[in-house]
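Read the figures in this text as sums done on the coordinates, not as results from a lab. Everything numeric here is computed off the predicted structure, so don't read it as measured data. When we count neighbours, we look across all protein chains shown, and the Cβ atoms used for this are built from the backbone with ideal geometry, even at glycine.
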Amino acid sequence: MTPRQNRSRDRADRGIPEATVARLPVYLRALHSLQERGVATVSSEELAAAAGVNSAKLRKDLSHLGSYGTRGVGYEVEYLVYQISRELGLTQDWVVAIIGVGNLGRALAGYGGFASRGFRVAGLLDADEAIVGQEISGMTVENVDRLEDLIAERGVSIAVIATPAGAAQGVCDRVVAAGVTSVLNFAPVVLSVPDGVDVRKVDLSIELQILAFHEQRKAGGPGDYDRLAGDGPPGATQYVEAVEA
């Protein structure tokens, strides 16, 4: 069992809800901002406001880590950063490969936030011969034919899929067969994976559609009329299904 799988099992054994796990990076980002400003301690109310949650939810989330703060003082920022980083597995480096080096893949390759959070991009791969061999962010794009070899040689733990939709499932099948159990998917398609493989999906078009729906409601568009008639907003079921997928 890999260290990542051990941590997932430990979280389950300690009863840390997935919703709490999803909020921990948000708390960590807020804490890093406080560190940069030289803040040594923070109250639950201040940290909750910075993270965009209510303080009761924050206190409950942090209690799962065994961190309860000090009455009248709050939480020690530096130690809480360590606790959350340890829980998320960020006290060690994780090796990442990006498959698909179009516009999005190039932007991801150049994103400086990966390295500062413990993620080291060790490979860029693409099927387009016009892209293979190019230097991007200090790395040479390699042919996707080398995918399995690159995963083994460089110890890739996380695969980032930024390919067109039609190629994504095939790439996913290959990375899983090569032993990768964590996938970040930017392709506009739902991937099918076996048990034990974690997939996080990022679909910017869905997020924009949801924002468009809310903008329409604020402007008194069809969503408001439908609710007055007792019906849900147009497309609401599709939105929910897409997000849950």
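When a/c is below 1.5 the answer is rounded, else prolate if a/b is larger than b/c, else oblate, so apply that to segment 94-202 with a ≥ b ≥ c taken from the square roots of the Cα gyration tensor eigenvalues. It is rounded, given that a/c, with a ≥ b ≥ c, falls under 1.5. If a spin label sat at a point 7 angstrom from the Cα of residue 195 along the line to its beta carbon, the backbone N atoms of segment 158-186 nearer than 18 Å would be those of 177, 181-182. With the simple model of a label 7 Å out from the Cα in the direction of the Cβ, residue 39 to residue 143 spans 5.2 nm.
Between residue 21 and residue 218, the FRET efficiency estimated from the beta carbon spacing at R0 = 41 angstrom works out to 0.85. Sorting the Cα pairs of segment 8-102 by distance into bins of 10 Å, from 0 upward, gives 15, 48, 26, 10, 2, 0 percent per bin.
Taking all Cα pairs closer than 8 Å and separated by 6 or more residues, the relative contact order of segment 44-166 comes to 24 percent. Here the simple spin-label model places points 7 Å from the Cα toward Cβ, and for residue 46 and residue 107 these points are separated by 3.4 nm. Mean sequence separation of contacting Cα pairs (under 8 Å, at least six apart), scaled by the length of segment 94-202, corresponds to a relative contact order of 25 percent.
Between the amide H of residue 120 and those of 94, 95, 96, distances stay under 5 Å, these residues lying 5 or more places away or on another chain, with hydrogens modeled in the peptide plane. Each Lys and Arg Cβ is given +1 and each Asp and Glu Cβ -1; about its Cα centre, segment 14-104 then shows a dipole of about 240 debye.
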